[in-house]
1. Looking at V198, is it among the hydrophobic types (A, V, I, L, M, F, W, C), out of contact with any strand residue (DSSP E or B) (no Cβ under 8 Å at 6 or more places or on another chain) and either farther than 23 Å from R75 by Cβ or open to solvent by 60 Å² or more (accessible area, probe 1.4 Å) (or both)?
2. Look through A246, A231, A256 and report the one residue that is loosely packed, with under 15 Cβ neighbours inside 10 Å and touching a residue at least 60 places away in the same chain (Cβ under 8 Å).
3. Taking the stated definitions as given, is R214 assigned to a helix (DSSP H, G or I), touching a helix residue (DSSP H, G or I) at 6+ places or on another chain (Cβ under 6 Å) and open to solvent by 30 Å² or more (accessible area, probe 1.4 Å)?
4. Just wondering, is there one or more residues in the range 283-303 that are within 30 Å of L339 (Cα to Cα) and open to solvent by 70 Å² or more (accessible area, probe 1.4 Å)?
5. Among the residues of the range 309-321, is there at least one that is over 27 Å from the mean Cα position of the chain (by Cα), surrounded by fewer than 17 Cβ atoms within 10 Å (Cβ to Cβ) and touching a residue at least 40 places away in the same chain (Cβ under 8 Å)?
6. If A332 satisfies every condition in (1) modelled with pLDDT under 85; (2) farther than 26 Å from R373 by Cβ but one, which is the exception?
7. Mind checking which residues of the range 260-279 are over 26 Å from the mean Cα position of the chain (by Cα), loosely packed, with under 11 Cβ neighbours inside 10 Å and either of a type in the set (K, R) or at negative phi (or both)?
8. Scan the range 87-101 for residues that are open to solvent by 20 Å² or more (accessible area, probe 1.4 Å) and touching a Pro at 6+ places or on another chain (Cβ under 9 Å) and report the count.
Amino acid sequence: MTSQFVLAPSAPGAMGEDAMPEELLAYLRDLGTWRDRRKTELDQLDEACLRSPERDSLTGDIMLSMALWQAVAQRHDLLVATWDSGRVLETERRRMTTLIWGRLDQRAAEGNALAVSLPEACRLSDTLAASLRSRLRLEGAEPDVSARIRDLRVQIERIRDQVAGIPSVNSESAQQVLIGLDRRLVDVTDRAKRGADVGGLLPSLEQETARTERDLIVAASRRAQTKNDLATARQRRDELAARGQALSRLAAAAVAAVSPAPRLAVPDVTALGEPAADDVEAYLKRLDRVEAALETVQGAYGQALATRDELAGQIEAYAAKAVTLGAVTAGAAQDLSELHRRAAAVLANEPVDLARLAALAGAQQAYLVAHTRASGSSGANASSSGARS
């Protein structure tokens, strides 16, 4: 049975390996769908959280969910820039798998960095969303019992994989939690097979399973972050190099697409050279600074493109609103049509002049507001005259 909620797509390849172009394209398409649908869902969950009496206990997971979504959306932008409409050779394809399986270093709500890969971030987002839906008891959050049991079984297997990756000296408590969840699932499954009503047992098991998976993913990411050795340093350097290459393409696309565009240099991580065994901690700190610079650059160029898209959306919305106004005079309709035509012409001419586009969007809005007020005033005056007569 297909879930009515979006789930993270399966990622192709492995860290730094080549992958088939068809697999990469399918992943980009599915990841874009996941990003858009998850954003809509998170907005709904945020609204529900604000209305919930338990909002204080839910806010942390909402904030982490939003942070994870932002990290995934930014990485998707870099993947699209690297894909370059399919003009990818082996070097670019390997760079894409590095971007997919390299860590995002996204900051959690508590302020600690989560060194998760793109697939892990998506999976953690799925887990948090499922947990939030259950805790908020939203409509559609409770599918039939057999589907819920099946989803729990899949989730516990993912937990089993996470527990297997914990060092043996620290795994005992996690093993006990896994055994407990497994036993409870077996009990619920057996009861359901006998025809018993297990609806009251499932919510607590679902919540604890979701919380356990979330905690294990977070713990695994923090373990990965604390490995200050040469292998980690080299891997991080390669990941940041791939991000830098993708960001260079994104920056070039932004400069070609909008004006004014940021004029920020993309840091070259390869300038740091090879890490040395006696200097690995300092090398990792330098990588941290490079990563922070990359995030600043991506934020600037991404914001420029987002501003263009936001203004384009506003212009189309104002045009649609003008059509729906029943009392628009012929002259007003012509004026609004001309403003929309000019705005569309600005959008069609790259690089898009953002200042001019913003002015035209503002003119559309101001004209609509003024006309709506005038129409309302005329209607009120007419009503008043009718009442006097």
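1. yes
2. Unique residue meeting the criteria: A256.
3. In short, yes.
4. Yes, some residue in the range 283-303 is within 30 Å of L339 (Cα to Cα) and open to solvent by 70 Å² or more (accessible area, probe 1.4 Å).
5. Looking through the range 309-321, at least one residue is over 27 Å from the mean Cα position of the chain (by Cα), surrounded by fewer than 17 Cβ atoms within 10 Å (Cβ to Cβ) and touching a residue at least 40 places away in the same chain (Cβ under 8 Å).
6. Failing condition for A332: (2).
7. Residues satisfying the conditions are A271, E274, A277, D278.
8. Selection size over the range 87-101: 2.
The values are calculated or read from the model by the stated rules, or taken from the named source; none is laboratory data. Nothing here was measured: the structure is a model prediction, and the numbers come from that model. Virtual Cβ from ideal backbone geometry, glycine too; neighbours counted across all protein chains shown. The area values use the complete protein model at the heavy-atom level, side chains included, leaving out ligands, DNA and RNA. Shrake-Rupley method; radii C 1.70, N 1.55, O 1.52, S 1.80 Å.
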